[in-house]
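Novice: Pasting in a structure now, in structure tokens, and then I'll have a few things to ask.
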């Protein structure tokens, strides 16, 4: 029996690549760029399955992919795909929603601590040889314990952030979500409230939302104006949810005390970004799930999803299961 053809465009751990190669003929692209875009699209048109991440794929790229049955993205977010277009073409899309929850929540809460206690700024202070006497008020930070944590988006990751804040640091939890999360309310004494109340009352505002047409640019000048002057803004979801010029203006006007950011509108963040001028901004290179253990688990999950779909089994993490009759 002829092997199914797989295209993948991200490095896979050797054991997971071996799992694919045992059942499929694999075409590998180290990266996808303008130079090899035509070749990449041609490969998609010959493939039965596809696996990868971090590449924007529009619906026109799949116009000739008549044999393509399934795509596995090695990520929880799937805003790089036109899900409606894939569904219309009968192509099932899968993601990896569970395996990165805890490591991403760790990253987000590390930004809470780093901004409040000025960890990056003061580490650089020491490395620059400026620590020459006992520190004074100019180097003081802000307590985290007991402060109010506001979470926009209380799904898996948002709930994990709430557990860290409430159980570990005694933080009252406010949240706003499309629907009530009764389990996390019970675990963390989390209180559902309006978006306006959350912005107004929280000491730390954490954005843990998917990027959709509704959430894109949903945090802008009006939202920053509602925050406390002493509030910290934390974004560990998607950069395009935030109006970046509005965030820069809020920092310049000291409308907020600081920001912890793992995601940006443009990635990698340009070296001349105004955000890098602020000592009270902690900027990370999108490391939410970037641990050895979690990235391996994500790859393993994605390979399992893809092989299940190609075998006619409904994968556990199908984004659009309605694309196929299982």
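Every read-out reported here was derived from the displayed coordinates using simple, explicitly stated rules and does not represent laboratory data. Being a predicted model, the structure only gives us computed values, none of them experimental. Counting neighbours? That spans all protein chains shown, and the Cβs are built from the backbone with ideal geometry, glycine included.
Novice: Take each of the peptides 153-166, 284-297, average the number of other beta-carbon atoms within 10 Å over its residues, and list them starting from the highest.
Specialist: Ranked from most to least packed, the peptides come out as 153-166, 284-297.
Novice: So, one more: May I ask for the equivalent-ellipsoid semi-axes of segment 101-283, computed as the square root of five times each C-alpha gyration tensor eigenvalue and listed largest first in whole Å? Mind dumping the intermediate values first?
Specialist: Details: eigenvalues 135, 78, 43 Å².
After diagonalising the Cα gyration tensor, the semi-axes are 26, 20, 15 Å.
Novice: Can you tell me the order of 138-150, 253-265 when each peptide is scored by its average per-residue count of other Cβ atoms within 10 angstrom, highest first?
Specialist: Averaged packing, sorted descending, gives the order 253-265, 138-150.
Novice: For segment 1-62, what does the alpha-carbon gyration tensor say about shape, rounded, prolate or oblate, given a ≥ b ≥ c as the root eigenvalues, a/c under 1.5 as rounded, and a/b over b/c as prolate?
Specialist: oblate
Novice: Looking at the calculated P(r) for segment 1-150, what percent of the C-alpha pair distances fall above 26 Å?
Specialist: Value for segment 1-150: 48 percent of Cα pairs lie more than 26 Å apart.
Novice: Also: Could you work out [θ]222 nm for the chain from helices alone, using -39500 (n - 2.57) per DSSP H run of at least four and dividing by all its residues? Round to the nearest 500 deg cm²/dmol.
Specialist: Roughly -9500 deg cm²/dmol at 222 nm, from the helical runs in the chain.
Novice: Run the numbers for residue 28 and residue 3: contour at 0.36 nm per residue of separation, minus the present Cα-Cα distance, in nm. Don't skip to the answer; put the middle values down first.
Specialist: Values: separation 25, 0.36 × 25 = 9.00 nm, distance 1.56 nm.
That pair, residue 28 and residue 3, stretches by 7.4 nm at full extension.
Novice: A further question on this structure: For the chain, what value does the Rg/Rh ratio take when both radii are computed over Cα atoms and Rh is the Kirkwood radius, given to two decimals?
Specialist: 1.02
Novice: A further question follows. Please list the three semi-axes, largest first and in whole Å, of the ellipsoid equivalent to segment 67-188, using sqrt of 5 times the eigenvalues of its alpha carbon gyration tensor.
Specialist: Calculated on Cα positions only, the semi-axes equal 39, 21, 10 Å.
Novice: As a test of the definition: which semi-axes, in Å, follow for segment 180-260 when you take the square root of five times each eigenvalue of its alpha carbon gyration tensor? Largest first, please.
Specialist: 22, 16, 10
Novice: Normalised by the empirical 2.2 N^0.38 Å for globular proteins, what value does the Cα Rg of segment 252-293 take?
Specialist: Rg over 2.2 N^0.38 Å, computed on Cα atoms: 1.31.
Novice: Using per-residue counts of other Cβ atoms within 10 Å, averaged over each peptide, order 230-243, 117-130, 63-76, 309-322 from highest down.
Specialist: Peptide ranking by packing, descending: 230-243, 63-76, 309-322, 117-130.
Novice: Right, next: P(r) for segment 41-83, please, calculated from all Cα pair distances in 10 Å bins and given in %.
Specialist: Percent of Cα pairs in each bin: 28, 61, 11.
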